[in-house]
Amino acid sequence: MGRHILYVICLLGGLAPAQTPQMKYGVPVKAGPMDSVLLKDYEPESSVVVPQTQVEKARFPVIDVHTHDDMSEIKSPHDVVRWLKTLDDTGVAMAVVFIDGTGDTFARKAKWFLAYPDRFQVWCGLETRDFDKPGYSTRAVAALEQCYRDGARGVGEISDKGWGIQDEKRPPGQRLHIDDPRLDPVWQKCATLHLPVNIHLADHPSCFRPLGPHQERTPDFQVFNLYGKPVPSYEELLAKRGRVLARNPKTTFIFCHLSNQGNDLAALRTDMDRYPNLYLDIAARDYELGRTPRAAALFLARYSDRVMFGTDMGADAEMYRGWWRLLETADEYIRGRLWWRQYGLELPAPLLEKLYRKNAQRLLNWQRP
Ligand SMILES: [Zn+2]
């Protein structure tokens, strides 16, 4: 009775009865200025003092197998010259440039790069117009052959994040997915012409998880979220990959970004063992390698003949140097693009050379246009 009266008095006086503070990590959690900091604004400054190695140039001349003309801001032949300077400064001998287009769109831009045949290889897009009309496969193969004559030495990056590879978003059942049988003649023509295919399938697994307090990646990445959208699940998309690989065993498929499985290298191992024509690039997955450096180094060693270096991160010199630091040094607690800190893999020289260039030298089509 007396306690109830005290409680009412406390409420009337605007005072809550004394509460036991919530314990978290063994410490009492109390209200304070940090409570009003938004997640998107949180940028902790680290007090860790460790060596920070600046690697100006890669240890071996590099072939970057994943770049885009638009991401590298190439809008004229003049920009190509500027980009070459960055590549020289950082030790990149060659870049594979994905030009998103076929026909004249491809041919016009390809010329800018083919003026430097020792420095660039150009890859073309895939014809997807009128894919739901009769004769699509024949038209797509013809477009591919034209691109080949115009200098294309690979196809990519073909993207199927769940919406299909056609340009416009369509309802389920009306999309062109990578395992569509209409594409098999294209993939088989790629094998005949010895053109590797680079495919971006699904997306980082966190994209398929809800946005909210348990979302793995920061708000900066919510634009890529697919949770609740009318797209196949992550697992269904991986199953599509399996069907493409199995039906087209002679085609070299490079699934980029560690096939979006860099978070689970054991699962990726199973798939690599199952499909001998499954190849990978590490583009834009610095954070996957860097947050599990030991497992990543073991994985890269195990599949040392099937993984290639690529960036997909623009054309900045410091971007390249960040990669050299990650792959070549033993630096710790490296600030990454995400909040996740990264740790240097310190890859041994023979493995590094395969990743940087030897696999590309062996797998890509080096026939001069
Ligand atoms: Zn890309």
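The values are calculated or read from the model by the stated rules, or taken from the named source; none is laboratory data. A quick note: this is a predicted structure, and the numbers were derived from the prediction, not measured. Here Cβ is always computed from backbone atoms with ideal geometry, including for glycine, and neighbour counts include all displayed protein chains.
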Only one of Val80, Val37 is farther than 24 Å from Tyr356 by Cβ and away from the ligand (no atom under 16 Å from the Cβ). Can you tell me which? Val37
Which condition breaks for Ala107 when tested against (1) among the hydrophobic types (A, V, I, L, M, F, W, C); (2) more than 16 Å from the ligand (Cβ to nearest atom); (3) within 26 Å of Leu355 (Cβ to Cβ); (4) out of contact with any strand residue (DSSP E or B) (no Cβ under 8 Å at 6 or more places or on another chain)? (3)
Would you pick out the residues in the stretch 191-200 that are away from the ligand (no atom under 14 Å from the Cβ) and either at positive phi or crowded, with 21+ Cβ neighbours inside 10 Å (or both)? His194, Leu195, Pro196
Is there any pair linking a residue in the stretch 22-37 that is more than 25 Å from Thr218 (Cα to Cα) to one that is assigned to a loop (DSSP other than H, G, I, E, B) and of a type in the set (A, V, I, L, M, F, W, C), with Cβ under 9 Å and at least six apart or on different chains, and which? none
If you go through Val231, Val244, the only one that is in a loop (DSSP other than H, G, I, E, B) and crowded, with 22+ Cβ neighbours inside 10 Å is Val231
Could you grab me the full set of residues in the stretch 240-258 that are more than 16 Å from the ligand (Cβ to nearest atom), among the hydrophobic types (A, V, I, L, M, F, W, C) and free of Cβ contacts under 8 Å to residues at least 60 places away in the same chain? Leu245, Ala246
Is there any pair with a first residue in the stretch 301-321 that is more than 22 Å from Val80 (Cβ to Cβ) and a second that is exposed (fewer than 15 other Cβ atoms within 10 Å of the Cβ) whose Cβ atoms are under 9 Å apart and which are 6 or more apart or on different chains, and what are they? Ala301/Pro348; Ser304/Pro350; Asp305/Arg362; Arg306/Pro276
Checked Asp203, Asp179 against criteria (modelled with pLDDT of 95 or more, within 16 Å of the ligand (Cβ to nearest atom), closer than 27 Å to Cys124 by Cα and assigned to a loop (DSSP other than H, G, I, E, B)); the one match is Asp203
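For (1) away from the ligand (no atom under 16 Å from the Cβ); (2) loosely packed, with under 15 Cβ neighbours inside 10 Å; (3) in a loop (DSSP other than H, G, I, E, B), each residue gets a yes or a no:
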residue: Thr270; (1), (2), (3): yes, yes, no
residue: Arg294; (1), (2), (3): yes, yes, no
residue: Arg337; (1), (2), (3): no, no, yes
residue: Glu346; (1), (2), (3): yes, yes, yes
Could you check the stretch 132-152 and list, in sequence order, the residues that are more than 27 Å from Pro172 (Cα to Cα) and acidic (Asp, Glu)? Glu145, Asp150
Return the pair list, or none, for Cβ contacts closer than 8 Å from residues in the stretch 86-109 that are within 16 Å of Lys75 (Cα to Cα) to residues that are hydroxyl-bearing (Ser, Thr, Tyr) and in a strand (DSSP E or B), at least 6 apart or on different chains. Val97/Thr67; Phe98/Thr67
Going by the conditions given, is Val65 under 27 Å from Arg285 (Cβ atoms), aliphatic (A, V, I, L, M) and outside any loop (DSSP other than H, G, I, E, B)? yes
Out of the stretch 2-40, which residues are part of a loop (DSSP other than H, G, I, E, B) and either at pLDDT 55 or above or on the phi > 0 side of the Ramachandran plot (or both)? Gly14, Ala18, Gln19, Thr20, Pro21, Tyr25, Gly26, Lys30, Ala31, Gly32, Val37, Leu38
